[in-house]
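Only one structure is covered here, and it is reproduced in the block below.
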Amino acid sequence: MTVTTHLPAGLTGPRSRPRSRPRSQPRPEARSRRHNAAFWIVGYTFAVTMAFSALPTPLYVLYQARDGFSTFLITVIFAAYAVGVVASLFLAGHLSDWAGRRRMILLAVLVNMLSGVLFLLWPATAGLIVARLVSGVSVGLLTATATAYLSELHAAARPGAGRSRSEIVATAANLGGIGLGPLLSGLLAQYAGHALVLPYLVAEALMLIGAVALSVVPETAALPLRRPAYRPQRVTVPAAQRPLFLAAATAAGVVFALFGVFTSVAPSLLAGVLHN
């Protein structure tokens, strides 16, 4: 026997209320906009921090004229920066995987700002070497972390899109920042006066803006519940690829060594040739 129940007009059976979205999980559109804005904030911070790494290049000739040190010492100052970069890459370049991308980029910016303070307060030759070493440590902390951060923010802002945008922006921020730094300091030194002070103050302000803006950037790294034991980063290459890796690494090392020598002596050469 079948029993049919008829409800009065206007009444229906029980309805399940639509589940409201948890407050901690923003709508996909808002999340996408937030990550897209964060993408450009990280790109800006990456660029201005890299710009500071090359900011002193046109100013070395002024330091040289003031203190009378040789071109070889300028090369030593550049070498101090390279030592800082390499040491930082091996010792701390991987820490953002468990410490967080945002935290490590903020640390890199603050370390580079410390380098700027050293340039301003300790402008002697020894101070220049230490300041460049500290700046190199900052860049070692920054480059790999910022590149990974941009890739992850891009993937969150544009799910399913290719990676070309993040790769282009990371390259532009890295190499473009290195080119922007000497241009900025050269223009300020030439036309604004206070050549050994004003460029650093402007760069400090630009980096401070980036550091403050990072406070609204979401974290993208999946942080472990337990912090693993620290150990330096290791380079692992499959045996079959090692000859190709060594050839590429050697070529890159030679190119960057030549680039470092050129950038270290170019200001002195131009000052001597152009008498300016």
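Structural remarks
- Tallying residues that are assigned to a helix (DSSP H, G or I), without any contact (Cβ under 8 Å) to a residue 60 or more places away in the chain and touching a Leu at 6+ places or on another chain (Cβ under 7 Å) within the range 145-200 yields 2.
- Within the range 112-131, residues that are more than 20 Å from Val85 (Cβ to Cβ) reach partners that are among the hydroxyl-bearing types (Ser, Thr, Tyr) with beta carbons closer than 6 Å, at six or more positions or on different chains, in the pairs Leu120/Tyr200.
- Subset of the range 93-125 (residues that are over 21 Å from Ser215 (Cα atoms) and among the aliphatic types (A, V, I, L, M)): Val117, Leu118, Leu120, Leu121, Ala124
Okay, residues lined up against (1) over 14 Å from the mean Cα position of the chain (by Cα); (2) modelled with pLDDT of 95 or more:
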| position | (1), (2) |
| --- | --- |
| Val130 | yes, yes |
| Ala157 | yes, no |
| Ala173 | no, yes |
| Ile178 | no, no |
| Ala192 | yes, no |
| Tyr200 | yes, yes |
| Ala205 | yes, yes |
| Ser215 | yes, no |
| Ala222 | yes, no |
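- Any hit, the range 158-167, residues being surrounded by 17 or more Cβ atoms within 10 Å (Cβ to Cβ), of a type outside the set (Phe, Trp, Tyr) and closer than 21 Å to Asn112 by Cβ: no
- Candidates Ala213, Ala222 - the one that is within 29 Å of Thr145 (Cα to Cα), of a type in the set (Gly, Ala, Ser) and surrounded by fewer than 11 Cβ atoms within 10 Å (Cβ to Cβ): Ala222
- Considering the range 65-84, and only residues there that are within 15 Å of Arg132 (Cβ to Cβ) and among the hydroxyl-bearing types (Ser, Thr, Tyr), the residue that is modelled with the lowest pLDDT turns out to be Thr75.
- Looking only at residues in the range 64-84 that are among the small types (Gly, Ala, Ser) and in a helix (DSSP H, G or I), the one that is surrounded by the fewest Cβ atoms within 10 Å (Cβ to Cβ) is Ala65.
- Residue tally, condition within 29 Å of Arg66 (Cα to Cα) and of a type in the set (Phe, Trp, Tyr), over the range 86-129: 2
The values are calculated or read from the model by the stated rules, or taken from the named source; none is laboratory data. Source: prediction; values computed, not measured. Positions of Cβ are backbone-derived with ideal geometry, glycine not excepted, and every protein chain shown enters the neighbour counts.
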